[in-house]
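The values are calculated or read from the model by the stated rules, or taken from the named source; none is laboratory data. Keep in mind the model is a prediction, meaning the values are calculated, not measured. A quick note on method: Cβ atoms are made from the backbone with ideal geometry, for glycine too, and the neighbour counts reach across all protein chains shown. Just so you know, the surface numbers come from the protein's heavy atoms only, side chains and all, with ligands and any DNA or RNA stripped out. Shrake-Rupley method; radii C 1.70, N 1.55, O 1.52, S 1.80 Å.
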Amino acid sequence: MRQSDRPVRSVLYIPGSKLRALEKARTLPVDAIIFDLEDAVAPDEKVSARNTLADALKSGGFAPRQCIVRINGTDTKWGADDLAMFAPLAPDAILLPKVNTSEDVAAAAKELTGETLIWAMMETPEGILNAAAIARAPRMGGFVMGTNDLAKDLNCRDRADRLPLMTALQTCLLAARAAGIPCVDGVFNAFRDDNGLRAECEQGCDLGMDGKTLIHPAQIAIANAAFGPTDAEAELARRQIAAFDAAIAEGKGVAVLDGRIIENLHVDTARRTLAKLAAIAALES
Ligand SMILES: CC(C)(COP(=O)(O)OP(=O)(O)OC[C@H]1O[C@@H](n2cnc3c(N)ncnc32)[C@H](O)[C@@H]1OP(=O)(O)O)[C@@H](O)C(=O)NCCC(=O)NCCSC(=O)C[C@H](O)C(=O)O
Ligand SMILES: [Mg+2]
């Protein structure tokens, strides 16, 4: 399976400094893990967190979850050493914080070999304006929305409907879709507010996001449910494909199901739904 087709319904940040959380991650039903060396780790702990995380990755046990390492910015005193330490460990991806331009990605890509991709935190106004170029940068594997940093830089209000962030979210989605890479939504900070998280996941899903970044294990089930096809969606997809196939067999180019037309583009969407379901089943088996 191409990396871009792997499910990313739930993408959990784990501070690289927290041994207990790193151990726990091997048992959690998440699609992907972001091992964080950036904002979740205090400056005094940066070096020890790097070593703790490297040991954990060498010990393994995280598969089939995607392993993504968020390094410190390459403009900080830790970034270059982070990259030098984790590139040889061949995680699925290195996540670069606060990406502003495609050149930021190209510079990091030069340090990588093998299959490791680069994911970009989209969380600065300049980065959002350059989203299309960043999405097509070398080794680019996916976008992660950094809605906290973005809100800080935009100086916008924290609203439940995320209206002030909509342009940025949709700009990044457009860029990601044009380049054929996944786009994962930002975190929901109130990690004990299940209803709030559910609503924000539904909104992200409506927009077209592939999943949600999370900060606490209690958020995983809600994200997995929101971003996975429901039984009703899967059943509709199967009926649409069957109706279209029957129409084609009768020499028609269009089918009608439940009073709605079904064209080949709807069948593409239906097939994508079923492929996603199969990928989730494979991951969970
Ligand atoms: C938010 C937390 C600080 C809460 O921690 P705590 O109060 O310790 O939580 P609990 O006691 O409820 O924990 C229960 C058990 O779960 C484990 N745990 C907690 N969090 C995680 C985790 N993220 N991954 C794995 N396991 C976790 C605890 O170890 C407990 O286990 P057990 O001992 O078995 O009971 C904490 O959740 C936390 O640190 N979360 C991560 C915060 C983080 O990574 N922040 C940075 C990323 S967000 C960001 O930067 C976004 C972006 O850049 C932007 O700009 O928007
Ligand atoms: Mg951030």
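Things worth noting here:
- Averaging 1/r across all pairs of distinct Cα atoms in region 198-258 and inverting the result yields a Kirkwood radius of 13.8 Å.
- Here the chain is treated as a sphere whose radius is the Kirkwood value from Cα pairs; by Stokes-Einstein at 10 °C and 1.306 mPa s it diffuses with a coefficient of 80 µm²/s.
- Rounded percent of accessible protein surface that carbon and sulfur make up, region 68-116, 1.4 Å probe: 50
- Computed over the chain: relative contact order in percent, which uses C-alpha pairs under 8 Å that are six or more apart: 16
- In terms of overall dimensions, region 231-284 has a Cα radius of gyration and Dmax of 12.0, 40 angstrom.
- Dipole magnitude (debye, nearest 20) for region 168-224, charges at Cβ of Lys, Arg, Asp, Glu: 120
- ³J(HN,Hα), Karplus 6.51/-1.76/1.60, whole Hz, each residue of region 36-52, x for Gly, Pro: 9, 10, 8, 5, 7, 10, 5, x, 5, 9, 4, 6, 5, 4, 4, 6, 4
- For the chain, built as a Gaussian network whose Cα springs stay under 10 Å, the top-fluctuating residue of 181, 241, 220: 241
- Per residue, in Å², the accessible surface of the chain once ligands and nucleic acids are set aside, probe 1.4 Å: 49
- Put a plus charge on the Cβ of each Lys and Arg, a minus charge on the Cβ of each Asp and Glu, and nothing anywhere else: the dipole of the chain about its Cα centre is then about 340 debye.
- GNM flexibility winner over the chain from 228, 79, 251 (Cα, springs under 10 Å): 251
- With the helix formula -39500 (n - 2.57) applied to DSSP H stretches of n ≥ 4, the chain reaches a computed 222 nm mean residue ellipticity of -14000 deg cm²/dmol.
- Expressed as a whole percent, the accessible area of region 207-285 that falls on carbon and sulfur atoms is 56 (1.4 Å probe).
- Its residues counted as N, region 1-158 yields a C-alpha radius of gyration over 2.2 N^0.38 Å of 0.98.
- Carbon and sulfur %, accessible surface of region 1-61 computed with the full protein complex present, 1.4 Å: 50
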